[in-house]
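Contents: one structure, followed by commentary.
The values are calculated or read from the model by the stated rules, or taken from the named source; none is laboratory data. Values in this document were obtained by computation on a predicted structure and should not be read as measured data. Every residue, glycine as well, gets a Cβ built from its backbone with ideal geometry; the counts of neighbours run over all protein chains shown.
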């Protein structure tokens, strides 16, 4: 038994590898040989994990994956506990269906990170692609719990149809952030692209940078919301997330909507004066 299982890519990849079998809680009860025998997909071929990764350690719920992982998809899919450290950038669908534990990505990720997430923490040090914490294709709801924190920019449709949970975006958000959101919170420290909060039913969009409020929202008031102060202090403490004091103590304009739908959501826009 070891403290950490380390999976190191044996050679640069010419094809995409589907690595949904790599999750901390799955590896926690497996010996070295059993881990090496887990299936991964190289294109349309199913091969043992040990052909792609060198396996060091066994029976540990802390897993480190190292190498050029930009072509490795599905890491941490469905994970229910433990810690998965991705030592660099990774491919698509990281943490899809995450239920518990922590995934710590020390680089960028592709599209679909945290889709249909139900719990746990997904921490991304770089950028994220489209559909962060969104719904699976055809699903009525996306993220239903947990927390996603991205230090950089994200693509379009972050938090699409989110039902619960928290998404924190340190950079800019592409078009459609929190589109069709059912509930939950999406915080954007940079600028939010067009369509943020459109067709939202409930939940909150907190905009520290520029945002174009949809015309189907109505201005309610300008005030200092306690919930924002508490949230910003929480992400500072929990994630060492840099937030200037002016956002913590500042005034916010509150807009309610989307009035074209249920209309119980809100956009809280920080005021520069």
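Things worth noting here:
- The combined condition, being part of a loop (DSSP other than H, G, I, E, B) and under 11 Å from the mean Cα position of the chain (by Cα), is not fulfilled by residue 142.
- Selection within the range 174-186 - over 12 Å from the mean Cα position of the chain (by Cα) and under 19 Å from residue 228 (Cα atoms): 177, 178, 181, 183, 184, 185
- Residue 88 vs. criteria surrounded by fewer than 23 Cβ atoms within 10 Å (Cβ to Cβ) and on the phi < 0 side of the Ramachandran plot: no
- Residues in the range 115-127 that are part of a loop (DSSP other than H, G, I, E, B) and without any contact (Cβ under 8 Å) to a residue 40 or more places away in the chain were compared, and the one that is nearest to the chain's Cα centre (by Cα) is 115.
- Selection of the range 258-273 for residues being loosely packed, with under 15 Cβ neighbours inside 10 Å, under 24 Å from residue 190 (Cα atoms) and at pLDDT below 90 yields 272, 273.
- Among the residues of the range 83-101, those that are in a strand (DSSP E or B) and more than 14 Å from residue 145 (Cβ to Cβ) comprise 83, 84, 85, 86, 87, 90.
- Strands (runs of 3 or more DSSP E) contained in the range 1-56 and holding at least 1 residues buried (at least 18 other Cβ atoms within 10 Å of the Cβ) and touching a residue at least 40 places away in the same chain (Cβ under 8 Å): 5-9, 53-56
- Breaking point among (1) closer than 20 Å to residue 260 by Cβ; (2) touching a residue at least 24 places away in the same chain (Cβ under 8 Å), for residue 179: (2)
- If the condition is being within 19 Å of residue 262 (Cβ to Cβ) and either in contact with a helix residue (DSSP H, G or I) (Cβ under 9 Å, 6 or more places away or on another chain) or crowded, with 22+ Cβ neighbours inside 10 Å (or both), then the range 136-161 contributes 142, 143, 159, 160, 161.
- Residue check, residue 243 assigned to a loop (DSSP other than H, G, I, E, B), in contact with a helix residue (DSSP H, G or I) (Cβ under 9 Å, 6 or more places away or on another chain) and either touching a residue at least 24 places away in the same chain (Cβ under 8 Å) or more than 26 Å from residue 89 (Cα to Cα) (or both): yes
- Only a single item in (1) under 25 Å from residue 242 (Cα atoms); (2) at pLDDT below 95 is not met by residue 136, and it is number (1).
- Filtering the range 148-156 for residues that are more than 23 Å from residue 94 (Cα to Cα) and free of Cβ contacts under 8 Å to residues at least 60 places away in the same chain leaves an empty set.
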